[in-house]
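Where a number appears in this text, it was derived from the coordinates with a stated rule and is not lab data. All of these numbers come straight from a predicted model, not from anything done at the bench. Note that each Cβ is placed from the backbone with ideal geometry, even for glycine, and that neighbours are counted across all protein chains shown.
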Ligand code: FES
Ligand code: FES
């Protein structure tokens, strides 16, 4: 099957069926209540158990700032912060994140005040189409927290999970370095 | 007196805040009520027909609303012409779900529509299809015997076939003291914008649709939808205010648009169809090609003969072409030429223009051939270019409207430190690395298309500019606002640019680096017409202090019209609106190139790229450590966004030379790396120092703004410069892109 052969959700489904062969499809399709805390707000959602965190945010909470570029953990466009750590929301099932503090790009801005990194992205023209931008910003905030990146080369290496097809790479790294060197990210 | 405080300023992108806060909405981001999700099923064979369709298992799944295939799809427009979009090449347009014939691997064969995305996707895997397979071909190299000239058609107007031969190539080549005969090969490439192709169709009732689509041409897609589905133009509205990159892939309507609209009309519901990354490889792509070049020079390095033959992939159903073989003759004077272009029809989807189509393909081959000639002649590669520098367009003998290529060479070479190069291959090292310097020239057309602008002085005294054009990340929104602001003497904040909407006045699709000239010039024309109208109103006003003033003594500045010599004597825009009974004042104007005047000239942009590579002595891994590109593209309206266009293109150059290729398994007829993990593009760690220089180029002829466009020129010279640098580092000529390190291993 062209579409489903490498499709992770399909595999999850097959796995579930193998583990419990008596379970019929109808049960499997049953909606579940999932409580998610996103950008400080509690939400209660009715979701199929194999809905990704990315699709839950986008399709069920209308938080479309988080982008889908591949759905396979290969591009970084879907990066969000989960208890301060950067994660790929396309590779995360929403049901597994009950009780976690999730921050999306919509929660990075402080009231009306842009996060210093957001401002730096604008100042360094660190995007063209802007599609990879929310993921780049969330990823960089996660990177600051990790504290591993010391040099520009470190930052480039540790940001390489976030692709940018427009080729705004230099602007992106410049923006991150400015904020990192200024220590303005806390 | 025209004061231009905004043009030439490196303004930040006006939509920056939306893009960094996630509030910028792309085609799949619209939250519409009662939304259905469509998921596409693609063929698993490459050629043949569908002999059995069984959708029962899919349909039985709770939540599935409909499964559309060629057997049950609604009736549609019958004639091919109605499917044709503005960019359709000659041939028969591919019509999704039209019949049971399979023309390429991954062809859409069914659409599952369900209440939830996850259900639609799962149900798609339950659709059963049986096929009858036929033999297929997917390689240009293996099918050169099928090469033939391309059919001609309307869309080929911009892509003329190669010119007739000049002089006597055979004789001149035979007699020449220095010659190079080389073959170049490029694999397929996919645009792979970060945004997935997506369409959200809102069913408004009464045959009306609002469509959020990923496209480079809102009007192109509006016409397509109306024609195919038999709707009235005014009932179809296509919106694309934000486009997550496209690079040519959004020039033609893609099949998710067709399928989403079909399902919405059929079910009378709102429907979203998003392609996945794998499916993105079943659309537009840059064609694989094989090029043969034979170039010769006299004793002094002057080119005397050139043959350039291109064999380029097209599909089995359309004759897509690019301009490839004749570029050398627009750059270098050569008296004996023979240029050929042949299509090789393969069982793949039709290729589509991808950033600098044809140009970057050709210039890689031409500029690597020039590098080889320089080595044969024993002269510096840059010196060889200068000895063959064309003061007039060699292909037409027409003068250029402007050409600052010499400046590009000089400034880029200086900044790069080209004079430090030891020409001996393998002679420069840095620790365990071989260091190579390479250079190449870039050239691109300066297009301008008709565009219609509506200019409105609003009730609030602001300027509103409306046009259907998109901004695919190019900076169009910001640049157009700058042009409009200066034309009417307003601060940026008082200009509202309405775009990305087919309801707005006509624009061509965004391609060919043409928008700044096309839309920009139309804005100038419309603003001029609006100013004239405002001046007439001013004269009519009862107590107007400017009633007797001569037009040339008046200036538009800071939202008012004032006497040049006595600025205190003025009228505010708001007063004019008030005198107009509080009504907005409107004009509409078509901007067009000055075809008659420009017929006497050649219009081109140029660039020169200088590249340093490091090649690991043992592992042969290649790194582009630094690159300088100088560009001559007329007036630069916004140096910041233009800089991003060029440096982004340079990253594309690294990608094309060293990384990206869609690899086809010829036994299966499909791409085996159809995902972003295996389709390599540069990551942050692959991008090092990139310097962009804009050579001063005043062009009073080309158009009112003196602009030429920067979307593609930054890419054109890079792959050849990189390949030449790899040769300089290693002594090996690798004429197949992308260059892999294993080809450099002993
Ligand atoms: S969408 Fe999650 S990594 Fe690409
Ligand atoms: S800005 Fe377009 S993909 Fe990064």
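So if I average 1/r over every pair of distinct C-alpha atoms in the range B:596-674 and take the inverse, what Kirkwood radius in Å does that give?
Evaluated on the range B:596-674, it is 16.3 Å.
Give me the Kirkwood hydrodynamic radius of the range B:449-592 in Å, from all C-alpha pairs, to one decimal place?
About 15.4 Å for the range B:449-592.
Where a ≥ b ≥ c are the square roots of the eigenvalues of the C-alpha gyration tensor, would you call the range B:290-379 rounded, which needs a/c under 1.5, or, failing that, prolate if a/b is larger than b/c, or oblate?
Prolate, since a/c reaches 1.5 and a/b exceeds b/c.
Evaluate 2.2 N^0.38 Å with N set to the residue count of the range B:377-507, then give the Cα radius of gyration divided by it.
1.67
Give the Kirkwood hydrodynamic radius (Å, one decimal) of chain B, defined as one over the mean of 1/r across all pairs of different Cα atoms.
27.5
If you average the sequence gap of Cα pairs under 8 Å that are 6 or more apart and divide by the length of chain B, what percent do you get for the contact order?
17
Please compute, for peptide B:472-483, the average count of beta-carbon atoms on other protein chains lying within 10 Å of each residue's beta-carbon.
For peptide B:472-483, the averaged partner shielding equals 1.
Would you mind giving the mean number of other chain beta-carbons within 10 Å of the Cβ of each residue in B:652-661, as a whole number?
Going residue by residue through B:652-661 and averaging, the value is 1.
Calculate how many DSSP beta bridges within the protein assembly as shown are antiparallel, expressed in % of all such bridges and rounded to the nearest 5.
For the protein assembly as shown, the DSSP antiparallel bridge percentage is about 80.
Out of all DSSP beta bridges in chain B, what portion is antiparallel? Express it as a percent rounded to 5.
75
Using the Cα gyration tensor of the range B:68-137, with a ≥ b ≥ c the square roots of its eigenvalues, what is the shape: rounded (a/c below 1.5), prolate (a/b larger than b/c) or oblate (neither)?
On the way: a/c = 2.11, a/b = 1.41, b/c = 1.50.
Cα axes put the range B:68-137 in the oblate bin.
Using a simple spin-label model with points 7 Å from Cα along the Cα→Cβ vector, what separation in nm is obtained for residue B:543 and residue B:458?
If labels sit at residue B:543 and residue B:458, their model points lie 2.9 nm apart.
Taking a quarter of the surface of the convex hull around the Cα atoms of the range B:607-746, what do you get in nm²? All intermediate terms of the calculation are to be shown ahead of the outcome.
Details: hull surface 42.4 nm².
Over all viewing directions, the range B:607-746 projects a mean Cα-hull area of 10.6 nm².
Decide, for the range A:21-139, between rounded, prolate and oblate: order the square roots of the alpha carbon gyration tensor eigenvalues as a ≥ b ≥ c, take rounded if a/c falls under 1.5, and otherwise choose prolate if a/b is larger than b/c, else oblate.
Verdict is prolate for the range A:21-139.
7 Å from Cα along Cα→Cβ at both residue A:110 and residue B:158: what's the point-to-point distance in nm?
Taking the simple label geometry, residue A:110 and residue B:158 are separated by 4.7 nm.
Output the peptides B:708-720, B:569-581 sorted from most to least packed, where packing is the average of other Cβ atoms within 10 Å over each peptide's residues.
Top of the packing list down: B:708-720, B:569-581.
Over the range A:116-182, what is the relative contact order in percent, taking alpha-carbon pairs closer than 8 angstrom and at least six residues apart?
Once divided by the residue count of the range A:116-182, the mean separation gives 54 percent.
Modelled label-to-label distance, residue B:623 and residue B:677, 7 Å Cα→beta-carbon offset: nm?
Placing both labels 7 Å along Cα→Cβ, they lie 2.6 nm apart.
For B:556, B:224, which order do you get if you count the other beta carbons within 10 Å of each Cβ and list the fewest first? Can you show the working numbers first?
Numbers: B:556 22, B:224 26.
Placing the least packed residue first, the sequence is B:556, B:224.
Evaluate E = 1/(1 + (r/R0)^6) for residue B:151 and residue B:99, where r is the Cβ-Cβ distance and R0 equals 25 Å; express this FRET efficiency to the nearest 0.05.
That gives a FRET efficiency of 0.70.
Going 7 Å from the Cα of residue B:583 along its beta-carbon direction, which residues of the range B:521-550 have the amide nitrogen within less than 17 Å of the resulting point?
B:530, B:533-542
Over the range A:116-182, what number does the Rg to Rh ratio reach, with both radii from the alpha-carbon atoms and Rh per Kirkwood?
Over the Cα atoms of the range A:116-182, Rg/Rh equals 0.91.
Run lengths n ≥ 4 of DSSP H only: what is the helix-derived mean residue ellipticity at 222 nm for chain B, with -39500 (n - 2.57) per run over all residues, to the nearest 500?
Computed mean residue ellipticity for chain B: -7000 deg cm²/dmol.
Between residue B:17 and residue B:268, what's the calculated FRET efficiency when r is the beta-carbon distance and R0 is 30 Å? Round to 0.05. Mind showing how you got there, number by number?
Values: r = 37 Å, r/R0 = 1.25.
For residue B:17 and residue B:268, the calculated efficiency is 0.20.
Counting other beta carbons within 10 Å of each residue's own, what order do B:145, B:514, B:544, B:325 fall into, fewest first?
Fewest-to-most Cβ neighbours within 10 Å comes out as B:145, B:544, B:514, B:325.
Can you give the extra length, in nm with one decimal, that the chain gains between residue B:171 and residue B:595 once fully stretched, where that is 0.36 nm per residue apart less the Cα-Cα distance?
148.8 nm
Using all alpha carbons of the protein assembly as shown, what is the percent of pairwise distances in each 10 Å bin, ordered from the shortest bin to the longest?
Taking all Cα pairs of the protein assembly as shown, the binned fractions are 2, 12, 21, 24, 21, 13, 6, 1, 0, 0 percent.
Hey, with R₀ at 60 Å, roughly what FRET efficiency would residue B:376 and residue B:208 work out to, going by the Cβ-Cβ distance, to 0.05?
Working: r = 66 Å, r/R0 = 1.10.
About 0.35, to the nearest 0.05.
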